Amino acid sequence: MVFRGATVVDGTGADRYRADVRIADGLITEIGRGLGAPRVVDADGLVLTPGFIDMHAHSDLALLREPEHPAKVTQGVTCEVLGQDGLSYAPVDDTTLLALRRQLAGWNGDPEGFDWDWRGVAGYLDRIDRTGVAVNACYLVPHGSLRMLAMGWANRPPAPAELDRMRQQLAQGLLDGAVGMSSGLSYTPGMYADTAELVELCTVVAAYGGFHAPHQRSYGDGALEGYAEMVEIARRTGCALHLTHATMNFGVNRGRAGELLDLVDEALADGVDLTLDSYPYLPGSTTLAALLPSWATEGGPAATLTRLADPAARERIRFDVEEQGSDGCHGVVTDWATIQISGVRAAELAATVGRTVAELAAERGRGGTEVFLDLLRRDELATTILQHVGHEENVRAIMRHPAHTVGSDGLLVGARPHPRAWGTFPRYLGHYSRDLGVLTLEETVARMTGRPAARLGLHRRGRIAPGHHADLVLLDPERVRDAATFEHPRLPAEGIEHVYVNGTAVVRQGRTTGARPGRALRRTDRGTRAL
């Protein structure tokens, strides 16, 4: 087939141009004028781009449960990077899988009757291929899951044998097809890891040509120190670094994005292989349990719930979150007015969705921490939240940086999830590029396509060029926008007309087709990728 008369924005950042683009057998075969084919798509007035790559996705279960994946394909996403924030479901054993299902219920749900028929990275990627999914997927080996396998939830450095097991499991995951390692250093148990442990593991990642994608220790008080630690690990190990959801949040960081970008520029000048991603919104989103101090989560979910019932432990938690600043809340004192409930598992808590903890506390005549701890107990740690702590000037400054890529960080469960799960990519294209002019269309598309493809080693994706896979988006540049809002977060984008994955339409005339041409994109050997 041929896209005729398209305005081509090719993913490199180069100026747009007008051309016909022919595809066949899942590949782009020719670019020119007057091209013919049995089927023609009239692209006059529309922009043809490579498919968008979500560098930070939380679709680890959603992709298997709803493989048509409307949240992402309606945005133009054709590839996602899973296994984020140091916590996912491979590699696991029976014990850690049960614990992770509980710990990650707020991120991914914990569906009844779901068939958990894998334990390793290869098995998880095989499951994606057997299911048949709408988008392509890459996977990061999660550091927290490695740590659970080796030493449970112990708050200490690993013994030599435990570190060896982590290294072995990491190497196997990379050989099985993972593109790197993620870490979650404000989540249990990743937060218990010291720099030396991460250096050892990043040395393994570097040896296999992967990259480290850290959710670093703090995005609030101590944010710059946390970023500096990640850069230092990259310098010491030679491991490529991707700063995931690179933000500067909370009041302590208002107007300080330039300090982060100075750190990034210095590292790049020193030869560090560094990229970053961000989402185009102010609030963040995570689980309510993430606000707990690290000591309160030691031992895993069951131990955490036991502490939540103990009066002495509850008072100690109150002191940490309200007076001292919990390390789970990025070292800042928690402002309950910024914590809004976005999803619950227990049906009897449904009325809390959309309310802030401060509102619930005032309504009940109780302290904010009391409400916080009782919600966690009653919902068994599955509650999700929006955290209203971002700053517009920081968001814009970071997205302008040449190392920037796009990641939605979107959670797909809960009654009112963050709209970034359905709106990130069109929001960049419409609000920030067309309406505000923060980035040109060419720059915006490069951040969504060619630049992330290069980070992932997708040598034949992310560009419109002959021989590249036909992951393509045809959009109306005047209409494209995010429709999802905080009140109605599951509305599909407007202006995304056609989306193709491996040459097959997954969106046609703005509607999903139900096609599932995506697959797991795997590394195949040390330093080489067949992706």
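The values are calculated or read from the model by the stated rules, or taken from the named source; none is laboratory data. On a predicted model such as this, the values are computed, not experimentally measured, just so you know. Neighbour counts run over all protein chains shown; Cβ positions are idealised from the backbone, glycine included. Side chains included, ligands, DNA and RNA excluded: accessible areas come from the protein's heavy atoms. Shrake-Rupley method; radii C 1.70, N 1.55, O 1.52, S 1.80 Å.
For (1) touching a residue at least 60 places away in the same chain (Cβ under 8 Å); (2) open to solvent by 40 Å² or more (accessible area, probe 1.4 Å); (3) touching an Asp or Glu at 6+ places or on another chain (Cβ under 6 Å), each residue gets a yes or a no:
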site	(1), (2), (3)
L308	yes, no, no
W336	no, no, no
A350	yes, yes, no
V353	yes, no, no
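Is it true that T195 is touching a Gly at 6+ places or on another chain (Cβ under 9 Å), farther than 19 Å from D60 by Cα, modelled with pLDDT of 95 or more and not charged (D, E, K, R)? So T195 does not fit the description; no. Within the stretch 491-519, restricting attention to residues that are basic (K, R) and part of a loop (DSSP other than H, G, I, E, B), the residue that is nearest to the chain's Cα centre (by Cα) is R519. Modelled with pLDDT under 95, open to solvent by 40 Å² or more (accessible area, probe 1.4 Å), under 20 Å from G190 (Cβ atoms) and more than 24 Å from the chain's Cα centre (by Cα), is that true of E298? Taking the combined requirement at face value, the residue satisfies it.
Among the residues here, R18 qualifies as basic (K, R), surrounded by fewer than 16 Cβ atoms within 10 Å (Cβ to Cβ) and over 20 Å from V506 (Cα atoms).
The number of residues in the stretch 310-334 that are among the β-branched types (V, I, T) and open to solvent by less than 10 Å² (accessible area, probe 1.4 Å) comes to 2.
Do we have Y89 as farther than 30 Å from H143 by Cα and among the aromatic types (F, W, Y) here? Considered against the rule, which asks whether it is farther than 30 Å from H143 by Cα and among the aromatic types (F, W, Y), Y89 comes out as no. Exactly one residue out of Y208, Y187, Y227 is of a type in the set (F, W, Y) and open to solvent by less than 20 Å² (accessible area, probe 1.4 Å): that is Y227. Answer yes or no as to whether I464 is touching a residue at least 40 places away in the same chain (Cβ under 8 Å), open to solvent by less than 10 Å² (accessible area, probe 1.4 Å) and farther than 25 Å from R420 by Cβ. It is true that I464 is touching a residue at least 40 places away in the same chain (Cβ under 8 Å), open to solvent by less than 10 Å² (accessible area, probe 1.4 Å) and farther than 25 Å from R420 by Cβ. Look at the stretch 109-134: where a residue is at positive phi and open to solvent by less than 70 Å² (accessible area, probe 1.4 Å) and a partner is charged (D, E, K, R) and modelled with pLDDT of 95 or more, sitting 6+ places away or on another chain with Cβ atoms under 6 Å, you get G132/R516.
Every condition in (1) of a type in the set (A, V, I, L, M); (2) more than 27 Å from E380 (Cβ to Cβ); (3) in a helix (DSSP H, G or I) holds for A296 except the one numbered (2). Considering the stretch 435-449, the residues that are over 15 Å from V473 (Cβ atoms) and of a type in the set (D, E, K, R) include one that is surrounded by the most Cβ atoms within 10 Å (Cβ to Cβ), namely E443. Taken over the stretch 142-168, residues that are among the polar types (S, T, N, Q) and either assigned to a loop (DSSP other than H, G, I, E, B) or buried (at least 21 other Cβ atoms within 10 Å of the Cβ) (or both) amount to 2. Taken together, the criteria exclude G527 from residues that are at pLDDT 95 or above, among the small types (G, A, S) and more than 20 Å from the chain's Cα centre (by Cα). Of the residues making up the stretch 186-230, those that are under 14 Å from L274 (Cβ atoms) and in contact with an Asp or Glu (Cβ under 8 Å, 6 or more places away or on another chain) are F211, Q216. Evaluation of V413 against the conditions (1) buried (at least 21 other Cβ atoms within 10 Å of the Cβ); (2) out of contact with any Gly (no Cβ under 7 Å at 6 or more places or on another chain); (3) not polar (S, T, N, Q) shows that the sole unmet condition is (2). Among residues of the stretch 344-363 being of a type outside the set (A, V, I, L, M) and modelled with pLDDT of 95 or more, the one that is farthest from V413 (Cα to Cα) is E363.
The condition (being touching a Pro at 6+ places or on another chain (Cβ under 6 Å) and without any contact (Cβ under 8 Å) to a residue 60 or more places away in the chain) is satisfied by just one residue among M181, M166, M151: M151.
Here is a yes/no grid of residues against (1) more than 23 Å from the chain's Cα centre (by Cα); (2) surrounded by 23 or more Cβ atoms within 10 Å (Cβ to Cβ); (3) assigned to a helix (DSSP H, G or I):
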position: R366; (1), (2), (3): yes, no, no
position: L386; (1), (2), (3): no, yes, no
position: G390; (1), (2), (3): no, no, no
position: A397; (1), (2), (3): no, no, yes
position: D409; (1), (2), (3): no, yes, no
position: W422; (1), (2), (3): no, yes, yes
position: L429; (1), (2), (3): no, yes, yes
